[in-house]
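The values are calculated or read from the model by the stated rules, or taken from the named source; none is laboratory data. This one's a predicted model, so the numbers in the text were calculated from it and none came from an experiment. Here Cβ is always computed from backbone atoms with ideal geometry, including for glycine, and neighbour counts include all displayed protein chains. We work out accessible area using only protein heavy atoms, side chains counted, and drop any ligands, DNA or RNA first. Shrake-Rupley method; radii C 1.70, N 1.55, O 1.52, S 1.80 Å.
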Amino acid sequence: MKNTSTWWIKIPLIFFLIFGLTEFFVDSGELPAFIKYPMVQVFLVFILFLLIVIAIITRAIENVMFQTLSKEGQERYIAAKNKSFQWEWGQKTYQKMLGSKPIEKEGEIILDHNYDGIRELDNNLPPWWVYLFYASIVFGVVYLLRFHVFNDYTQDQEYEQEVAAAQLEIEEYKKTAKGLVDANTVELLTDASDISAGKSIFESNCVACHMTDGGGGIGPNLTDKNWILGGGIKNVFHTISEGGRDGKGMIAWKQNLKPAEIAQVASYVLSFQGTTPANPKAPEGDVWADPNAPEQTIPATETNTEQEIDSTSVSMN
């Protein structure tokens, strides 16, 4: 029997449809789901194997059923399988939208014009073109009333709104993108991997001036509460990025380190707070207090207003 079923097309289409749905519904972040979750690979392999098995079983059943038919039935079945699919409704709709007459009826609309044997047909405009033209007229009237009669938003206002929305999206993206962090959006990093990376950068670039334990040498002590240019993650990030005081401070590291690396080393520098270095340098700068830290309330001392009364009385005789 001649089998014209396109199983070699159907199986890949169904498989990639399931693959796409899996990637859509499984939250795997930036990595594809089949890479991040090995069980997804097992699931997809099982689905592919199942589709192939179904195709083989279906073809085997079809062959068995074909053998049970009579010779005439087999011929009719083969003729039906070989008959190409005709989408009659679609073809009729297409011809209607096209608005043209078939070749055998062109004599009804042919004009008298004759240019070297070339005749002209009096075809109507295609209905799809006419409908689009009417739709453009309706759109133009609505646009005229909205923006020139009722004075809706202008192009300048629309531009400002789009820019403001884009700016909000950029700021939201910066909050989660370590590579785009700056002194205004940086947060203190506490992950062990970030602290370890900051330590590696510090030991490669900063120990010459601040010592391995942060006790200070050419540079200031990093373990006390005194800061020359302000403490806290934002000030330390800004100092590392833009450099210290002109002429006697450290260089700006923004040309050598990425923003994410500056955030890591700044977080590592702040981990020195409260530690005891081997040879600490004298404090420099002012004691820095975090302005965003919650205020500590001092409990009021109770005053005893009661007077003690001497229970011993002296009686005079």
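Restricting to lysines 8 or more places apart or on different chains, can you count the pairs in the range 172-243 with Cα atoms under 21 Å from each other? Walk me through the intermediate numbers first.
Details: K174/K234; K175/K234; K178/K199; K178/K234; K199/K225; K199/K234; K225/K234.
Counting lysine pairs in the range 172-243 gives 7.
Would you calculate, for the chain, the mean residue ellipticity at 222 nm contributed by helices, counting each DSSP H stretch of 4 or more residues as -39,500 (n - 2.57) and dividing by all residues, to the nearest 500?
On the way: 11 runs with 158 residues, N = 317.
Helices in the chain give a 222 nm mean residue ellipticity of -16000 deg cm²/dmol.
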Please identify the helices of the chain, taking whole runs of DSSP H, that span at least 30 Å along their own axis as judged from the Cα atoms and have a mean Kyte-Doolittle score of 1.0 or higher. 38-68
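For the chain, what does the accessible surface come to per residue with a 1.4 Å probe? Please give it in Å².
Values: 25200 Å² over 317 residues.
Ligands and nucleic acids excluded, the result is 80 Å² per residue.
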Using alpha carbons only, how many angstrom separate the centre of the range 55-78 from the centre of the range 4-51? 31
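First select every other residue whose beta carbon is under 11 angstrom from the beta carbon of F272; then total the charges, Lys and Arg +1, Asp and Glu -1.
On the way: positive: K199; negative: D213, D224.
Here the count lands on -1.
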Table column - 3J(HN,Hα) (Hz), the range 215-231, Karplus curve with 6.51, -1.76, 1.60, x for Gly and Pro: x, x, x, 5, x, x, 5, 9, 9, 8, 8, 8, 9, 6, 10, x, x
Hey, of (i) 0.97; (ii) 1.00; (iii) 1.33, which did the structure itself give for Rg/Rh (Cα atoms, Kirkwood Rh) when calculated? (iii)
Using modelled amide H (1.01 Å from N, peptide plane; none on Pro or chain starts), what sits under 5 Å from the amide H of L189, excluding residues fewer than 5 places away? S267
Just to confirm my numbers, what's the Cα centroid distance between the range 110-135 and the range 227-278 in Å? 77
Environment charge at R245 (Cβ cut-off 15 Å; Lys +1, Arg +1, Asp -1, Glu -1): -3
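Considering only protein heavy atoms and a 1.4 Å probe, what is the carbon-and-sulfur percentage of the accessible area of the chain? Before the final figure, lay out the partial values.
Values: 15080 of 25200 Å².
With neighbouring chains kept in place, the figure for the chain is 60 percent.
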